[in-house]
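Input: a single structure, listed below in structure tokens.
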Amino acid sequence: MNDSEELAPAVASILRSAEARGDPDGGPLSVDARSLPAALSRAEEDGCVPVIAEVKPTSPTTDGTREADPVELAEKMVEGGAAALSVLTEPDHFEGSPENLRRVREAVDVPVLRKDFLVRESQLDTVESDVVLLIARFVDDLAGLIGAAEDRGFQPLVEVHDAAELARAVDAGAEIVGVNNRDLAKLEVDLETFETVAPEVPDDVTLVAESGIGTPDDARRMVRAGADGLLVGSAIMDGDVTENTRRLTRA
């Protein structure tokens with residue numbers, strides 16, 4: 001679903017790179033996934049805010065690059081109480097790599113989300129992860145790609161931004177939905193986006209709030225609005241990773 005004329009230039013560039021990226025060698029993967037919904041529920045039962053902490057070297061919306069080893073960062077996030085991790089594998093704009101994800105997943109025992117822009121089935125076979133991000137806006141056959149991911153053992157996290165995309169995701173069979181507070185057309189962030197969409201999410205769907213969560217107040221706000229988990233990147237990566245994670249998980 002390429003509507004790049006309506007996207008911010010940086011996002012349109014990411015999408016073009018994703019479409020042009022070569023397919024991996026080899027056949028379909030078979031993954032024994034760690035359950036993201038179960039991990040988020042355990043964190044909540046332990047009295048923690050369920051945080052999916054993101055290993056994020058850089059992005060088009062931040063300045064500079066974090067040079068620390070991804071495994072070291074991941075271990076510090078888990079030490080700070082992260083219920084799950086997200087690892088960037090997009091190479092051209094986020095300096096991510098499948099190898100980073102592979103190393104992180106081997107080093108930790110929490111679920112790991114592959115954060116990338118996937119637009120066709122073959123791209124699922126790049127690297128094993130527990131969860132894969134599928135951005136509803138960028139996928140033509142959403143039900144088909146969800147099914148292909150599940151056939152391999154992945155848990156698809158389907159990202160939406162508004163009620164129409166949510167309806168499409170639910171109709172396509174999404175069981176885990178992320179609401180991105182960032183508008184991909186303007187790159188503006190508004191936490192009210194999640195608060196507007198969340199009431200429309202079915203009770204049996206695991207709901208994740210994405211983007212713009214920077215403080216304990218933000219974390220509490222998203223949980224009050226119905227978030228089962230929070231995907232947090234820049235607010236954790238900027239400074240002491242363990243303490244930043246702990247500050248949010250103990251909000």
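Hey, any hits in the stretch 169-185 for a residue that's touching a Lys or Arg at 6+ places or on another chain (Cβ under 7 Å) and within 25 Å of V31 (Cα to Cα)?
Within the stretch 169-185, not a single residue is touching a Lys or Arg at 6+ places or on another chain (Cβ under 7 Å) and within 25 Å of V31 (Cα to Cα).
Residues in the stretch 139-159 that are at pLDDT 95 or above, part of a loop (DSSP other than H, G, I, E, B) and surrounded by fewer than 21 Cβ atoms within 10 Å (Cβ to Cβ): how many?
2
In the set D162, D130, which member is under 30 Å from D240 (Cβ atoms), of a type outside the set (S, T, Y), at pLDDT 95 or above and surrounded by 15 or more Cβ atoms within 10 Å (Cβ to Cβ)?
Details: D162 fails: under 30 Å from D240 (Cβ atoms).
Going through D162, D130 in turn, the sole match is D130.
Quick check on the stretch 34-50: of everything there that is out of contact with any Lys or Arg (no Cβ under 9 Å at 6 or more places or on another chain) and among the hydrophobic types (A, V, I, L, M, F, W, C), which residue is nearest to L145 (Cα to Cα)?
L36
Of everything in the stretch 223-239, what is farther than 17 Å from G80 by Cα and in contact with a helix residue (DSSP H, G or I) (Cβ under 6 Å, 6 or more places away or on another chain)? Give them in sequence order. I'd like the intermediate steps shown before the answer.
Within the stretch 223-239, the subset farther than 17 Å from G80 by Cα is 223-228.
Passing the criteria: A225, G226, D228.
For the stretch 88-103, does any single residue satisfy the condition of being at pLDDT 95 or above and of a type in the set (G, A, S)?
no
In the stretch 240-251, is there at least one residue being among the β-branched types (V, I, T), within 20 Å of S35 (Cα to Cα) and buried (at least 18 other Cβ atoms within 10 Å of the Cβ)? Walk me through how you get there before you give the answer.
First, pick out the residues of the stretch 240-251 that are among the β-branched types (V, I, T): 241-242, 245, 249.
Checking the rest, the ones that are also within 20 Å of S35 (Cα to Cα) come to 249.
This time we only want the ones that are buried (at least 18 other Cβ atoms within 10 Å of the Cβ), so: 249.
Checked the stretch 240-251: at least one residue is among the β-branched types (V, I, T), within 20 Å of S35 (Cα to Cα) and buried (at least 18 other Cβ atoms within 10 Å of the Cβ).
Could you list all residues from the stretch 167-205 that are in contact (Cβ under 8 Å) with a residue 24 or more places away in the chain, under 14 Å from A225 (Cβ atoms) and either charged (D, E, K, R) or part of a helix (DSSP H, G or I) (or both)?
T193, F194, E195, T196, V197, A198, P199, E200
From the list G233, G226, G212, which one is surrounded by 18 or more Cβ atoms within 10 Å (Cβ to Cβ), closer than 23 Å to P111 by Cα, modelled with pLDDT of 95 or more and of a type outside the set (A, V, I, L, M, F, W, C)? Reasoning before the result, please.
Numbers: G233 fails: modelled with pLDDT of 95 or more; G226 fails: surrounded by 18 or more Cβ atoms within 10 Å (Cβ to Cβ).
None of the other options fit; the residue is G212.
Among the residues of the stretch 193-202, which ones are surrounded by fewer than 15 Cβ atoms within 10 Å (Cβ to Cβ) and closer than 20 Å to G233 by Cβ?
None; the set is empty.
How many residues does the stretch 111-138 contain that are in a loop (DSSP other than H, G, I, E, B) and of a type outside the set (K, R)? Don't jump to the end; show me each part of the working.
Narrowing the stretch 111-138 to residues in a loop (DSSP other than H, G, I, E, B): 111, 116-120, 127-130.
Next cut, of a type outside the set (K, R) only: 111, 116-119, 127-130.
Residues meeting the conditions: 9.
Looking at the stretch 29-52, can you tell me whether even one residue there is in contact with a helix residue (DSSP H, G or I) (Cβ under 9 Å, 6 or more places away or on another chain), surrounded by fewer than 18 Cβ atoms within 10 Å (Cβ to Cβ), of a type outside the set (S, T, Y) and modelled with pLDDT under 95?
No, the stretch 29-52 has no match at all.
The values are calculated or read from the model by the stated rules, or taken from the named source; none is laboratory data. Keep in mind that what you see is a predicted model, and the values were worked out from it rather than measured. Quick reminder, even Gly has a Cβ in these numbers, built from the backbone with ideal geometry, and neighbours come from all protein chains shown.
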